[in-house]
Amino acid sequence: MEFVIKLLVEIAIGALCGFAASKLLKVNNKGILFYIIVGVIGGAIGGVLGNLIPVAGGWVFGIILAIAGSCLVVWLYKKFIKK
């Protein structure tokens, strides 16, 4: 049961990070599924970057990195997929 709750929290945080990145980069409303996908992929990218940078910042730093990773994913989306 604890695993399910953690998974739902991660998806919710990913959706919020994807939403924030979409608004920062001015992408029109794509829907919750787009935000979740962008946020989860961006969070993974942010996690990798966080492991490469030897800075301890706790969960706030993790959220910032997830938003930065999501911005990267949205930028790539705008650059290569959206025409």
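For segment 1-60, how many residues are in contact with a Lys or Arg (Cβ under 9 Å, 6 or more places away or on another chain) and β-branched (Val, Ile, Thr)? The qualifying residues number 2.
Among the residues of segment 56-70, the one identified as crowded, with 18+ Cβ neighbours inside 10 Å and either touching a Ser or Thr at 6+ places or on another chain (Cβ under 9 Å) or farther than 15 Å from Gly43 by Cα (or both) is Ser70.
Just one of (1) free of Cβ contacts under 8 Å to residues at least 24 places away in the same chain; (2) under 8 Å from the mean Cα position of the chain (by Cα) fails for Val60. It is (2).
The set of residues from segment 20-34 being surrounded by 18 or more Cβ atoms within 10 Å (Cβ to Cβ) and either over 8 Å from the mean Cα position of the chain (by Cα) or of a type in the set (Asp, Glu) (or both) comprises Ala20, Ser22, Val27.
Read-outs throughout are calculated quantities, based only on the coordinates presented, and are distinct from any laboratory measurement. From a predicted model like this one, the values you see are computed outputs, not experimental measurements. Quick reminder, even Gly has a Cβ in these numbers, built from the backbone with ideal geometry, and neighbours come from all protein chains shown.
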